[in-house]
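Asker: Once you've had a glance at the structure underneath, I'll fire off some questions.
The values are calculated or read from the model by the stated rules, or taken from the named source; none is laboratory data. What you see is a predicted model, and the numbers here were worked out from it, not measured in a lab. So basically every Cβ, Gly included, is an ideal-geometry build from the backbone, and we count neighbours across all protein chains shown.
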Amino acid sequence: MNMIKILIVDDSDLKIRNILKSIEDIIDIHKISCDVSSDRINALRLLKINQYDLMILDIRLPNRFGEDSIENGGLKLLNELEANKKYFLPFHIIGLTGYEDVIKNNKNRFENSLWFLIKYSESHEDWKIKLRNKLIYLISSKTYLKSNDKLCYDYDIGIITAIQDSELKKILELPANWMEYKISNDNVTYFVGIFKNDTKSFRVVAASSNQMGMTSSTLLTSKLISNFHPHYIIMAGKAAGVKQDGLNYGDILLPILTWDYSTGKLSENENIEIFEPENKPIPINDEIEFFFNEAIRKNLFLHSIRNSWNRQNIQFELNAKMGPFASGPLVITTSNKIDQIKEYQRKLIGIDMETYAVFYTCFYSSLPKPVAISIKSISDFADIEKDDTYEEYACYTSSQFIYNFILEFLEPVSR
């Protein structure tokens, strides 16, 4: 991602062009990204989902696009930002106005908050010099922080799925005011939004791989870490459950460790192939395991999730199960393979093609390392009866449990 994020809030097309031209003259322009809003309402929408390094603000501003400017429209925007925690207050703010009386009337307001109020003029260069100097300072400051290993988490949550049409679709049905987000030279479509309740607000990014499997999941996880620096990365969607008492379609699988069941040595003895697994499991974060235990002990979320489903008649209750979870390159439809995998972990609860890749990538990523979580639901039992009858229900229960689990147990990044 670009190093410096700027929001320009102004209703003058000419003034916006001049500001952008001034920014483009900076040698490190590739480190700057700009969003533009011409009215207060749209600016607030952007400030709900983005943490900007700098906001360049006109004081006379319309409430909505196409309406007349209000004398103190920009000040009204500032007051809303300071009063309401659901918005991300920009780290730096510059007021840019062409009116002397506006500067005179609002000088103290800006100085008291250590912001700047600058006189704009199409015929003078003073404002351009001040703006460029500010941007050069911001770029050099961030470069210093990164070069000294002081990277911080940016987004709170990254959610990954392997199938766009079913798994990601259910994530995007969660209440988050999702917006599509594209990054230059990256073919992945990301979606950013906010999960919130009365006391918490989480910045969330979600994306899906273009195919199932550990290779594609490793790549997508790496991109999320590099581009968004999430505190938590959660693998969502469907999985194969392991038949045992108390487990049914749609039930939530909560892995406490995961491994690649396909890694090992393949040899031959008297014309018989022998596979010797070399399992290197990765455990879940201790705090997340405690939260899983609490959710199960208190029977949280399950009843309301089950009752909110109205697409098909489900005859069984919804449950959650913690335990070992395996990943590998195969779509399994034979119980014999499950029995082989269970030889390593007899308490195996489920199998998929991605979870281990997500855990491995997070565990061995550069700082700041995200915490890996997998919350998937049973769509089949990896046997000859495998079909897609309960696929949508499994994707639904997974997404709903994730949403509730985040709001109940996790804490947003301090900003």
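Asker: Restricting to region 35-48, what's the tally of residues that are under 30 Å from Lys223 (Cβ atoms) and either crowded, with 19+ Cβ neighbours inside 10 Å or not assigned by TED's automatic domain parsing to the domain that holds Ile129 (or both)?
Answerer: 3
Asker: Right, Asn177: in contact (Cβ under 8 Å) with a residue 40 or more places away in the chain, surrounded by fewer than 16 Cβ atoms within 10 Å (Cβ to Cβ) and within 15 Å of the chain's Cα centre (by Cα) or not?
Answerer: Yes.
Asker: Mind listing whichever residues of region 288-303 are in contact (Cβ under 8 Å) with a residue 24 or more places away in the chain and of a type outside the set (Asp, Glu)?
Answerer: If the condition is that a residue be in contact (Cβ under 8 Å) with a residue 24 or more places away in the chain and of a type outside the set (Asp, Glu), then Ile288, Phe291, Phe292, Asn293, Ala295, Ile296, Leu300, Phe301, Leu302 are the ones that fit.
Asker: Moving on to the next point. How many of the residues making up region 169-204 are among the β-branched types (Val, Ile, Thr) and in contact with an Asp or Glu (Cβ under 9 Å, 6 or more places away or on another chain)?
Answerer: The qualifying residues number 3.
Asker: Separate question: Tell me, please, whether a residue that is farther than 20 Å from Ile194 by Cβ, buried (at least 24 other Cβ atoms within 10 Å of the Cβ) and of a type outside the set (A, V, I, L, M) can be found in region 365-372.
Answerer: The answer is no; no qualifying residue exists.
Asker: Follow-up question, since we're still on this one. Which residue, of Ile6, Ile49, is of a type in the set (A, V, I, L, M) and out of contact with any helix residue (DSSP H, G or I) (no Cβ under 8 Å at 6 or more places or on another chain)?
Answerer: When all the criteria are applied, what remains is Ile49.
Asker: Here's a follow-up. Name every residue in region 157-182 that is assigned to a loop (DSSP other than H, G, I, E, B) and of a type in the set (Asp, Glu), in order of residue number.
Answerer: Glu173
Asker: Here's another thing I want to ask about it. Listed residues Lys182, Lys200, Lys170, Lys196; which is in the same structural domain as Lys238 (by TED's automatic domain parsing) and in contact with a Cys (Cβ under 8 Å, 6 or more places away or on another chain)?
Answerer: When all the criteria are applied, what remains is Lys170.
Asker: Check Ile282 against each of (1) of a type in the set (A, V, I, L, M, F, W, C); (2) closer than 14 Å to Tyr356 by Cα; (3) surrounded by fewer than 18 Cβ atoms within 10 Å (Cβ to Cβ) and name the one condition it does not meet.
Answerer: Here Ile282 meets the rest and fails (3).
Asker: Going by the structure shown, is Ile103 farther than 18 Å from Ile4 by Cβ, of a type outside the set (S, T, N, Q) and buried (at least 16 other Cβ atoms within 10 Å of the Cβ)?
Answerer: So Ile103 fits the description; yes.
Asker: Which strands (runs of 3 or more DSSP E) does region 260-377 wholly contain that include 1 or more residues that are in contact with a Gly (Cβ under 8 Å, 6 or more places away or on another chain)?
Answerer: Passing ranges, in order: 272-277, 320-327, 350-352.
Asker: Identify all residues within region 378-388 that are in contact (Cβ under 8 Å) with a residue 12 or more places away in the chain and part of a loop (DSSP other than H, G, I, E, B); write none if there are none.
Answerer: Phe381, Ala382, Asp383, Ile384, Lys386
Conditions (1) farther than 28 Å from Tyr403 by Cβ; (2) in contact with an Asp or Glu (Cβ under 7 Å, 6 or more places away or on another chain); (3) of a type in the set (Gly, Ala, Ser), marked per residue:
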| position | (1), (2), (3) |
| --- | --- |
| Leu247 | no, no, no |
| Leu257 | no, no, no |
| Ser262 | yes, no, yes |
| Glu270 | yes, no, no |
| Phe275 | yes, no, no |
| Glu278 | yes, no, no |
| Phe301 | no, no, no |
| Lys321 | no, yes, no |
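Asker: Looking at Tyr364, Tyr360, which one is over 20 Å from Lys170 (Cα atoms), without any contact (Cβ under 8 Å) to a residue 40 or more places away in the chain and aromatic (Phe, Trp, Tyr)?
Answerer: Among Tyr364, Tyr360, only Tyr364 is over 20 Å from Lys170 (Cα atoms), without any contact (Cβ under 8 Å) to a residue 40 or more places away in the chain and aromatic (Phe, Trp, Tyr).
Asker: On to the next question. Can you pull out every residue in region 332-347 that is surrounded by 14 or more Cβ atoms within 10 Å (Cβ to Cβ) and either of a type in the set (Val, Ile, Thr) or at pLDDT 95 or above (or both)?
Answerer: Ile332, Thr333, Ile338, Ile341
Asker: Based on this model, can you work out whether Asn106 counts as assigned to a helix (DSSP H, G or I) and either hydroxyl-bearing (Ser, Thr, Tyr) or without any contact (Cβ under 8 Å) to a residue 60 or more places away in the chain (or both)?
Answerer: Considered against the rule, which asks whether it is assigned to a helix (DSSP H, G or I) and either hydroxyl-bearing (Ser, Thr, Tyr) or without any contact (Cβ under 8 Å) to a residue 60 or more places away in the chain (or both), Asn106 comes out as yes.
Asker: Turning to a different aspect of this structure: Among Ile233, Ile282, which is touching a Cys at 6+ places or on another chain (Cβ under 6 Å), assigned by TED's automatic domain parsing to the domain that holds Ile183 and in contact (Cβ under 8 Å) with a residue 12 or more places away in the chain?
Answerer: Ile233
Asker: Also, quick follow-up: Among the residues of region 121-141, is any among the polar types (S, T, N, Q) and in a strand (DSSP E or B)?
Answerer: No.
Asker: For region 230-237, does any single residue satisfy the condition of being touching an Asp or Glu at 6+ places or on another chain (Cβ under 9 Å), part of a strand (DSSP E or B) and aliphatic (A, V, I, L, M)?
Answerer: There is at least one residue in region 230-237 that is touching an Asp or Glu at 6+ places or on another chain (Cβ under 9 Å), part of a strand (DSSP E or B) and aliphatic (A, V, I, L, M).
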